[in-house]
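Heads up: the structure comes next, in structure tokens.
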Amino acid sequence: MRKTILVIEDEVHIRELIVELLQDSNFQVISADNGNTGLQLADEHIPDLVICDIMMPGLDGYEVLRRIRENLRTAATPLIFLTAKTERLDLRKGMVMGADDYITKPFTCDELLGSIQTRLAKQALIQQTCAIRAQLSQLNGFQKVPLRHTIRESHLYQALEYAEFELYYQPQADIQTGALVGAEALIRWQSRQFGMVSPMEFITLAEETGFIVLLDQWVIQTACAQAKAWQDAGLPPLRIAVNLSSLQFNHPHLTERIAQVLTTTGLQPRCLEIELTESLLVQDVDETIRRLQELKELSIQIAIDDFGTGYASLGYLQHFPFDILKLDQCFVRDVNTNSTNAAIATAVIQMAHDLNLTVIAEGVETEAERQFLLSHQCDVIQGYLMSRPLSANDFGLFQAAMINSSMSL
């Protein structure tokens, strides 16, 4: 299928030149001579990429970019700026706002096509790469279930009945002070029949069969009860994060169920964080906003998980009542040496802070990565640099040790 490119350029000869070049390169092209018309076309056609001049009468390129990122239909669309100058401040302004590239006039055909192909290829590779890395990360530390064993729905119900599921908790720390501020609850399955089973081996089946709703409810109940137990043991309150599946999020009684768990466990709502993925959020935007607002009325925290790997973009954030943005580990890895990851992480952190969101960086594994994130005002880190996921007992000992260590300083 041919890619559709929207060209917004007020200079007729430049616009016609770009349109002709793109058509000759087998792109489907739509064009506009001003920002207002361009925004209308973008909303109507949802192009694969936008090329926009910065200096235009009426709406300039920056305003066009801002409105494209605010529109839920176009928020994730890549945008390349055309500019007659290359001052550093102008480049930074556009990149912070969400521009994907700059091309300086006059430009060659190869420069324009190269930028377009690179951006389109990167758009596809980002999701593919992050998905692969996420799979490898989840597989790390697990034994792959032999192919001769077939996990069925009945095995999942038996696992729940026989208490084979267990939650592990990965610590989250304030990047400036190192203080423990939260933990993410991660499910593990120690099967009597299959041994240690990776979530990748059973989560899909759980979702396909609907068992995931029951499993999610067990996770929320168990995590909240454990968080309250740590508090009752004299440890300071922490924020406990749990992931919600699409089926659970869309359950008609979700809010009531969570409220009941908080009541029965006695956990303060501010100590519970619900993590939602990007793909879940864009399935039905209006219904998603309604459900999120219901959850917010409980005074719990809401986070967008693995940001940058799905279908949303920064433009979505202002429409949903989030408290926390989790920067995916594929953008954190080697952020101190990888210029692409550095640019993405820096822009995401700055714009998230502009929206008053707390930023948690996932998958921090080296001190150099932590130092980079610290210098760019990231708020919280999570990853093997601090700790691997821990059992409930080990996590309690870990928290107590951190408290004793800080008191001895």
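The values are calculated or read from the model by the stated rules, or taken from the named source; none is laboratory data. Worth saying up front: this structure is predicted, and the values here are computed from it rather than measured. Cβ sites come from the backbone with ideal geometry, for glycine too, and all protein chains shown count toward neighbours.
Residue-by-condition table, conditions (1) more than 21 Å from the chain's Cα centre (by Cα); (2) at pLDDT 75 or above:
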{"position": "34", "(1), (2)": "yes, yes"}
{"position": "41", "(1), (2)": "yes, yes"}
{"position": "45", "(1), (2)": "yes, yes"}
{"position": "58", "(1), (2)": "yes, yes"}
{"position": "63", "(1), (2)": "yes, yes"}
{"position": "66", "(1), (2)": "no, yes"}
{"position": "76", "(1), (2)": "no, no"}
{"position": "94", "(1), (2)": "yes, no"}
Boolean, residue 42 is over 18 Å from residue 11 (Cβ atoms), buried (at least 17 other Cβ atoms within 10 Å of the Cβ), out of contact with any strand residue (DSSP E or B) (no Cβ under 7 Å at 6 or more places or on another chain) and of a type outside the set (Ser, Thr, Tyr): no
All positions within segment 229-253 that are in a helix (DSSP H, G or I) and closer than 23 Å to residue 304 by Cβ: 246, 247, 248, 249
Counted residues, segment 260-287 - those being at positive phi and of a type in the set (Asp, Glu): 0
Any hit, segment 231-241, residues being more than 25 Å from residue 397 (Cβ to Cβ) and buried (at least 21 other Cβ atoms within 10 Å of the Cβ): no
Hits in segment 39-82 (condition: within 23 Å of residue 118 (Cα to Cα), part of a helix (DSSP H, G or I) and not β-branched (Val, Ile, Thr)): 42, 45, 61, 62, 65, 66, 69
Elements of type helices (runs of 4 or more DSSP H) in segment 316-404, at least 3 residues being touching a residue at least 60 places away in the same chain (Cβ under 8 Å) and closer than 21 Å to residue 99 by Cα: 339-354
Test result for residue 252, at pLDDT 95 or above and surrounded by fewer than 19 Cβ atoms within 10 Å (Cβ to Cβ): no
Count - residues of segment 371-388 that are touching a strand residue (DSSP E or B) at 6+ places or on another chain (Cβ under 6 Å) and modelled with pLDDT of 95 or more: 6
Set 305, 216: member being in a helix (DSSP H, G or I), surrounded by 19 or more Cβ atoms within 10 Å (Cβ to Cβ) and assigned by TED's automatic domain parsing to the domain that holds residue 321: 216
Condition check for residue 163: farther than 24 Å from residue 301 by Cβ, assigned by TED's automatic domain parsing to the domain that holds residue 235 and assigned to a loop (DSSP other than H, G, I, E, B): yes
Hey, residue 35 assigned by TED's automatic domain parsing to the domain that holds residue 99, small (Gly, Ala, Ser) and surrounded by fewer than 20 Cβ atoms within 10 Å (Cβ to Cβ) or not: no
Positions within segment 265-304 being at pLDDT below 90 and closer than 20 Å to residue 218 by Cα, in sequence order: 277
Filtered residues of segment 260-275 (kept if outside any loop (DSSP other than H, G, I, E, B) and out of contact with any Leu (no Cβ under 6 Å at 6 or more places or on another chain)): 260, 261, 262, 263, 264, 265, 270, 271, 272, 273, 275
Close pairs (9 angstrom Cβ cut-off, 6 or more residues apart or separate chains): over 16 Å from residue 10 (Cβ atoms) in segment 53-71, β-branched (Val, Ile, Thr) and in a helix (DSSP H, G or I) anywhere: none
